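I have placed the structure first, in the form of structure tokens, so that the comments after it can refer back to it.
All of the numbers you see were taken from the coordinates with simple rules; none came from a lab. What you see is a predicted model, and the numbers here were worked out from it, not measured in a lab. In this analysis, Cβ positions are derived from the backbone assuming ideal geometry, glycine residues included, and neighbour counts consider all displayed protein chains.
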Amino acid sequence: MLLAMASAGTVVSSASAQDAPAPPAAAPAPVNPAPAAAPAPAPPAASDAAPPETKLQLAARLGFAVPFGDIQNGIAGAMPFWIEFGYRLVPQLMVGVYGRGGPGFTTSSCVTSCSGYFLGGGAEIHYQFGPVAGFDPWIGVGFGYETASFAGQSSSGFELINAQLGFDYTRGFGPFAGFSYNQYSASGQTQSAEWVSLGVRGTYDW
């Protein structure tokens, strides 16, 4: 009888084990999505982009000059035309050479020939301060040699100093002013001359 009860218990245990619900399946491990790629930075606006660095500059000027000093008598003025060629050591500093010439005008009191001209050239250095409100102010200084002929008399000498200042607009065009001090020699005599000039200047950089 004990054997029968044991067998019945075993059968009941087996039936209970089979009727018990199966344990729930384990949830799958979460998969982390790959991080989204950062958006590419927008290109700088045209107004914020740095201007291309240039090394060479070609410039031309046209103006009117009025004399003072020893040669003032009989000379009303001159219309100089300049050609300049420069090289930028750094973006703000340029060294170069210039040539200058043009017709001269004498006063109505001239006795013989009332025409005149002058030719000259030299070296110069310019410093640009950088764009300010749409234009670029600059200053310059130079020296050279010049030959002049007014009212039938020729003279030549050194341009000891040539000081300049001006404003270049965005497209490389703007006004300038200059002052120069010259010493001319003619017939064994030395005469001093100061010129004050005003005009316009255009530049081309590459």
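Numbers at a glance
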read-out: Peptide ranges 86-94, 176-184 listed from the most packed, as the mean C-beta count within 10 angstrom indicates; value: 176-184, 86-94
read-out: Cα→Cβ-extended label distance, 7 Å offset, between Leu56 and Phe158, nm; value: 3.1 nm
read-out: Peptide ranges 187-198, 138-149 listed from the most packed, as the mean C-beta count within 10 angstrom indicates; value: 138-149, 187-198
read-out: Extension gain (nm, one decimal) between Gln191 and Trp206, 0.36 nm per residue minus Cα-Cα; value: 1.3 nm
read-out: Using a Förster distance of 30 Å, the FRET efficiency for Phe105-Phe173 (Cβ separation, nearest 0.05); value: 0.70
read-out: Pair-distance profile P(r), taking every C-alpha pair of the range 54-206, with 5 angstrom steps and integer %; value: 2, 9, 18, 23, 17, 12, 9, 6, 3, 1, 0
read-out: Ile125 versus Val141: modelled label distance in nm, points set 7 Å from Cα along the beta carbon direction; value: 0.8 nm
read-out: Extended-chain gain in nm, criterion 0.36 nm per residue less alpha-carbon gap, Phe85 and Phe64; value: 5.5 nm
